[in-house]
Amino acid sequence: MRHLIVPLLLSLAWSTMAATLTIEKGRQVSELTTAQLLARKDARDIVVPGDVSYHATRSYRAVPLKALLADLAPGSHLQFVALDGFAAELPAGLLAGKSEAWLAVEPPGKPWPRLSGDKPGAGPFYLVWLNPEAEHIGSEQWPYQIARIRILADPASRFPAMRPAPGLSPDDPVTRGFAVFQRNCISCHTLNGQGDAKLGPDLNIPHSPTEYLRDDMFRVLVRNPQDMRHWPQAKMPGFSRDALTDGDLDALVAYLKHMATRRAGS
């Protein structure tokens, strides 16, 4: 029972006192408390229909992420590190799109509900979206229990072994597939042994999934992993067409097939 009790106790401890959010931008490190965030002039009460984590309509006191993280360099990425060390990543360019990213702030003494029977709540800080379908925001781009936000260079700069072959045009399916990988896969998967992810397997070492799955079976796996192999403890989410279009999925397949010819050490 300890593995269930400890996360719950940690969640209760965080929800009964003001938490601190750390923001890292290069060597610049700043900290904002719950009270400071709630006191911001741009803090608003928002209603989030179809909250991805709670599977219901939820209300939050939140701060617009675009205003909180101003002056981001073009091409930079945002990494959201949770209390347990899990890191989710998304392109900072999404903040300029039609979907609105908000940092929901859990008020001290008023903890949010638990996510499920064995999971604590989403606090102290939770990234939520209004109009997520406009930018095809997937469930993995709603990180919760956030403790730290890191502003990083783009993955192509940080992880050169992920790059496709040089000289491909921006419209090439492989190039577009690399963008899809960065947006939807990099939070959970490494590639060629590079990346910060620790949850899912590497997608090119020892083999690319496109080498042992037919294209149609790979698409089944991405759309709903439980339709491919039923495993109650599986953590990979399914990607609906609202989050990942058929064209995006085709491009991802093209990128993974291409990278199978660029395996690290080959």
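Throughout, read-outs are computed from the coordinates displayed, never taken from laboratory work. Every value quoted in this text rests on a predicted model; they were computed, and no experiment measured them. Using ideal geometry, Cβ is built from the backbone for each residue, glycine included, and neighbour counts are taken over all protein chains shown.
Results, tabulated for the structure shown:
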quantity: Looking only at the stretch 172-211, and only at residues there that are β-branched (Val, Ile, Thr) and more than 22 Å from residue 250 (Cβ to Cβ), the one that is nearest to the chain's Cα centre (by Cα); calculated: 190
quantity: Test result for residue 75, in contact with an Asp or Glu (Cβ under 6 Å, 6 or more places away or on another chain), surrounded by fewer than 17 Cβ atoms within 10 Å (Cβ to Cβ) and farther than 17 Å from residue 43 by Cα; calculated: yes
quantity: Whichever residue in the stretch 45-63 is under 23 Å from the mean Cα position of the chain (by Cα) and of a type in the set (D, E, K, R) and, among such residues, is nearest to residue 141 (Cα to Cα); calculated: 51
quantity: Count - residues of the stretch 27-42 that are in contact with a strand residue (DSSP E or B) (Cβ under 8 Å, 6 or more places away or on another chain) and surrounded by fewer than 19 Cβ atoms within 10 Å (Cβ to Cβ); calculated: 7
quantity: Unique residue being in contact with a strand residue (DSSP E or B) (Cβ under 9 Å, 6 or more places away or on another chain), farther than 15 Å from residue 122 by Cβ, surrounded by 16 or more Cβ atoms within 10 Å (Cβ to Cβ) and of a type in the set (Gly, Ala, Ser) when the list is 87, 62, 104; calculated: 87
